[in-house]
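Accompanying notes for the structure given below.
What follows is calculated from the coordinates using simple rules that are stated; it is not laboratory data. What you are looking at is a predicted structure, and each value in this text was computed from that prediction instead of being measured. Cβ sites come from the backbone with ideal geometry, for glycine too, and all protein chains shown count toward neighbours.
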């Protein structure tokens with residue numbers, strides 16, 4: 001207990017870590033922590049031991065050594081030199097346990113100065129609680145209302161802050177709650193948050209203010225906390241003798257072609273071998289200050305009690321410029337081919353240390369502007385360039401019960417054409433000669449067979465005037481809708497699929513459902529089974545495949561197709577026979593920049609947008625995204641070689657359908673003529 005009463009030893013945090021903290025490496029060896037590789041961590045670490053600041057914020061990419069310095073190094077400093085109770089908050093309970101076992105336990109055992117200060121009582125040291133001989137206590141927890149309630153801590157450390165929930169139990173952010181826990185200790189209290197940026201830019205049109213060159217874009221999370229501080233950015237000095245100007249090693253000063261950082265003042269590209277020297281001679285420059293050629297800082301920093309730091313990927317000690325270039329190029333290529341932004345977002349956030357600005361505008365799109373780019377395409381005709389036809393179906397309930405059907409043509413590179421749109425509201429019998437009967441998809445299973453007759457067996461004439469036709473290759477059906485139990489859209493969809501399986505048509509039909517949680521998967525195959533539950537909302541027995549969709553990600557791809565200016569890969573062609581109503585449906589939803597979710601601002605219809613997203617999902621499911629279009633499968637060849645295309649007058653049979661993965665023997669099928 002005498003250690004708690006003894007005045008703290010006057011030593012910098014970085015010097016304390018250099019003296020006592022042993023780092024255990026993956027091969028089991030240990031070395032004393034040194035700032036040699038990460039000299040830029042010294043200033044943030046030392047600010048944590050200063051009474052000038054209530055908080056330290058560090059935003060930066062992975063592979064910078066920030067966790068080792070700001071978490072491990074500061075804990076070593078507190079335990080040895082200034083004992084006090086502390087809280088380390090990881091993003092989840094599992095991560096807290098992992099961090100405690102794999103890092104803290106190993107470092108404590110490897111560092112004699114730390115090991116001798118641990119309590120010798122076995123019950124005092126477990127995964128989530130560490131008690132020391134001086135009586136001070138370290139909690140290794142995760143963000144929850146209970147963790148941040150009541151208890152006071154001299155220091156709270158928040159790691160990977162942007163992956164924590166933005167609101168903890170309705171009480172506020174983790175940083176706000178942590179600040180309350182350290183407030184009792186006055187100027188000796190410390191709250192630290194570190195993370196790579198992970199929250200989206202909220203204003204796509206934001207521009208850097210000239211009078212605030214260090215301000216981060218408008219976002220939440222770690223960069224919002226950075227903006228509240230004194231905004232220190234990392235600077236390097238150009239090594240060229242005729243220049244010697246200071247500049248930031250950021251993405252704007254990185255040449256993607258050469259993979260080299262360049263000085264924006266003299267345009268000279270830097271030798272990667274000089275990176276360590278440039279980091280050793282770095283400066284952290286606060287907002288409102290300037291650097292002279294001798295590296296002396298002039299001016300006054302912002303009068304706040306938060307020391308905030310932000311660095312980017314080119315300066316990260318454990319990542320090369322070549323790796324940065326390769327990762328970004330690969331993510332850009334994936335985005336160009338698929339429209340999926342997830343890899344690009346991850347690379348920008350974690351490798352480059354920047355917030356991601358979505359390539360999909362969050363602003364509403366104009367239906368009139370889209371109408372201005374319509375093309376003279378004959379209704380219900382397959383335009384040149386289409387290799388495969390995909391049908392998507394949305395099930396609508398209520399008084400206006402119906403199947404809403406959209407036919408899409410796809411070509412190489414996800415170039416898309418709208419070929420047809422119609423509703424199925426009633427059944428007039430197989431020969432269209434009976435009294436109309438209003439359909440009810442939730443209660444009448446036979447109504448689903450209309451999809452086979454009127455959608456799956458359709459074909460459309462080619463635009464070349466040859467009379468040949470292209471059939472529907474695959475159909476995707478949304479399974480969400482009204483009803484419960486056996487009398488529900490979901491149950492009827494499962495039964496419909498079972499009948500398709502009996503008839504050998506199951507490989508061409510895909511049941512779809514929008515995911516209820518945020519996901520990085522655009523499509524995911526599942527086999528729902530609720531047969532063991534008493535309260536069953538549908539007849540799921542584990543025998544019917546259901547594709548769960550990352551709806552927001554798929555709609556991002558559709559939105560990008562709308563935003564593209566010229567035909568080609570990823571472009572959406574829209575025909576001039578569509579009415580204004582269709583374009584209103586397509587553009588009604590708006591993306592929430594804060595959450596990345598697409599939402600309807602009111603109750604107007606959005607079926608066109610949903611059906612396009614389903615079509616993109618089928619494009620991915622069918623494997624068309626990864627097709628080598630120089631040697632595509634026979635059913636996706638160009639028209640002269642496409643095995644699905646047939647001439648009804650010559651009674652030609654179409655070949656194997658898309659979705660058949662095996663080289664099974666072909667079965668002759670009856671050709672169903674369309675009346676289109």
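Quick rundown of the values:
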read-out: Along each principal axis, Cα extent of the chain, largest first, Å; value: 97, 68, 47
read-out: Sequence-separation-based contact order of the chain, relative, with Cα cut under 8 Å and 6+ spacing, percent; value: 11
read-out: Angle between the chain longest axis and helix 489-503 axis [Cα atoms, degrees, rounded to 10]; value: 60
read-out: Mean ellipticity per residue at 222 nm, deg cm²/dmol - from DSSP H runs of n ≥ 4 across the chain, formula -39500 (n - 2.57); value: -6000 deg cm²/dmol
read-out: Taking only Cα atoms of the range 2-195, radius of gyration then Dmax in Å; value: 15.5, 44
read-out: Mean-position separation - Cα centroids, the range 389-446 and the range 161-204, in angstrom; value: 50
read-out: Using distinct alpha-carbon pairs, which all enter the 1/r mean, Kirkwood radius of the range 58-165 in Å; value: 14.2
read-out: Pairwise Cα inverse-distance average, inverted: Kirkwood Rh of the range 367-641 (Å); value: 19.5
read-out: Cα-Cα P(r), the range 534-583, percent of pairs per 5 Å interval; value: 4, 14, 13, 15, 14, 9, 8, 10, 8, 3, 1
read-out: Residue 317 versus residue 569: modelled label distance in nm, points set 7 Å from Cα along the beta carbon direction; value: 3.9
read-out: Point-to-point label distance, residue 113-residue 212, nm (Cα→Cβ direction, 7 Å offset); value: 4.0
read-out: Relative contact order (%) - the range 367-641, alpha-carbon pairs under 8 angstrom, separation at least six; value: 22
read-out: Rg to Rh quotient for the range 235-300, alpha carbon positions, Kirkwood Rh; value: 0.96
read-out: Cα pair distances exceeding 21 angstrom across the range 159-271, given as percent; value: 55
read-out: Per-bin percent of Cα-Cα distances, the range 303-459 [10 Å]; value: 8, 21, 22, 20, 14, 9, 5, 1, 0
read-out: Pairwise FRET efficiency - residue 437 versus residue 501, Cβ, R0 = 25 Å, nearest 0.05; value: 0.40
read-out: Modelled FRET efficiency - R0 45 Å, residue 276 with residue 516, Cβ distances, 0.05 increments; value: 0.40
read-out: Folded to 0 to 90 degrees: helix 321-338 orientation relative to the chain principal axis, Cα; value: 20
read-out: Tail beyond 19 Å, pair distance distribution of the range 259-370 (Cα, percent); value: 64
